[in-house]
Amino acid sequence: MLVRLAPFALIAALSACMPAAMTELPERRSAALPQDLPVMNRFGTPQVDPPTRSNAAIAQDFLALSFQMESGRQIPRLSRFEGPISISVADGAPVSLIGDLDALIGRLNREAMIDIRRITSGQANITIETMPRARMQRVVPQAACFVVPRVTSWADFRGSRTSRDLDWTTLEIREHIAVFIPSDVSPQEVRDCLHEEVAQALGPLNDLYRLPDSVFNDDNFNAVLTGFDMLILRTYYDPALRSGMTRTEVAAALPGILSRLNPRGNTASTASISETPRAWIDAVEAALGPGTSDAGRIAAANRAVAIAQTQGWNDTRSGFSWFALGRLTLARDPNMARAAFTEAAAIFERTSPGGIHLAHVQMQLAAFALAQGDADSALQLTGAAMPAATQAQNASLLSTILMIRAEALDDLDRTSEARALRLDSLAWGRYGFGANGAVEDRLTEVAALSPLG
């Protein structure tokens, strides 16, 4: 079983950024939803960038992703589907799921060259089943979604929970795999689960925090399959590989495969990236996972920052450490949170300028600017973040950015521009946040930031 943990929320108590006196203002601009909500926005085919690392580095990434579980257990042999792959959806799935799944299958056909298709009758190789989150989490607490080998349904999984059949390390050929996704979450969360769990049903079973451009990373910044991910999956199903190969055999074949599939990687520079120590992973999991007090989470985030500094990292892991600290201190110490976000922004500017990591931080800093009455800075930060949020197809982030931007425009008395942007934010919010109540809650949080409301 492979579990995708619940994603790290975009904003926790946005109003924590406000000076205390501002919370007592008797009147604010109405943040109620209009009677006629705009139609939900949907993304088209993403424009993905090819990986920039050398093929030598990508080969090491492939081996680390494919021959080790997240727990550290070794996987003795490569396993994959052999021959055409079928995928089906059990009855009761959310309306948005089929469209997003078909788009994903189209990308897997075109970009990863995998022979996969959706079927509506008969037993499929991959079965997707949805159910209320509470029902799913009674069995697998804290799971956003997960994927299980050798089962074809929820009932099958429940009946096999104590069986060694669910152990991925015993597979040599994949034949039947089930993906379980909550049905009562936003369309974006359903799509995110589809991308990560279907990708793991097809290929790598591990996640690596050191990967800056992949869904195979528990930081959850990338939510749709990237160019790197598609190259990994294409390599997985290259004719030069087969189920049952050992790590040594795969390692010997990878240089030739990657040279053929990714010629630009033959001349790219090879930057050495250190392994992620278990102590840092434990600190991050304690900071963001369940069962820890608020004070314990902040202490764990500070440990992650300290370990990143000791390691001398100047990569996304270091930025993520500061980002986590900023998120966790928003309500308790806004000054510390802003300082942490500023540190994260400086790191992401160096490591992935204009990328989705930086966009998340720019959104947080824009919220601070809006709360302090600096509408111009809020506009500058949100304007810089919008392209990455759009390219990464993160509707919840894009919606929040547009809401902040609309408030800043209102503060500058540019009301007609603000009105148009706010409507656009609601259209993206319907995809990113789902239920109208969740969209209205976010709109209210953002509206409460402005001291001029």
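Quick rundown of the values:
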{"item": "For peptides 71-78, 379-386, 152-159, sequence by mean Cβ density within 10 Å, most packed first", "result": "379-386, 152-159, 71-78"}
{"item": "Estimated vicinal HN-Hα couplings, Hz - segment 47-60 in sequence order (Karplus 6.51, -1.76, 1.60; Gly, Pro = x)", "result": "9, 9, 8, x, x, 9, 6, 6, 4, 4, 5, 5, 4, 5"}
{"item": "Residues with amide H under 5 Å from that of Ile126, placed H, sequence gap 5 or more", "result": "Ser86, Ile87, Ser88, Ile177"}
{"item": "Among beta bridges that DSSP assigns inside the chain, antiparallel share in %, nearest 5", "result": "45"}
{"item": "Per-residue Cβ neighbour rank within 10 angstrom, fewest leading, Asp219, Asp91", "result": "Asp91, Asp219"}
{"item": "Between segment 198-233 and segment 314-362, the alpha-carbon center distance in angstrom", "result": "21"}
{"item": "Pair Asp282, Ala90: separation of 7 Å Cα→Cβ label points (nm)", "result": "3.7"}
{"item": "Footprinting exposure proxy for Glu111, Glu175 (fewest neighbouring C-beta atoms within 10 Å first)", "result": "Glu175, Glu111"}
{"item": "Segment 359-393 residues near the modelled Glu349 label - backbone nitrogen below 12 Å, point 7 Å along Cα→Cβ", "result": "362"}
{"item": "Among 352-360, 278-286, the order from most to least packed when residues are scored by Cβ within 10 Å on average", "result": "352-360, 278-286"}
{"item": "MRE, 222 nm, helices only [DSSP H, n ≥ 4, -39500 (n - 2.57), over the chain, to nearest 500]", "result": "-16000 deg cm²/dmol"}
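Rule-based calculations on the coordinates, nothing more; no lab input. Since the structure is predicted, the reported quantities are computational estimates derived from the model, not experimental observations. Glycine gets a Cβ as well: all are built from the backbone with ideal geometry, and neighbour counts include every protein chain shown.
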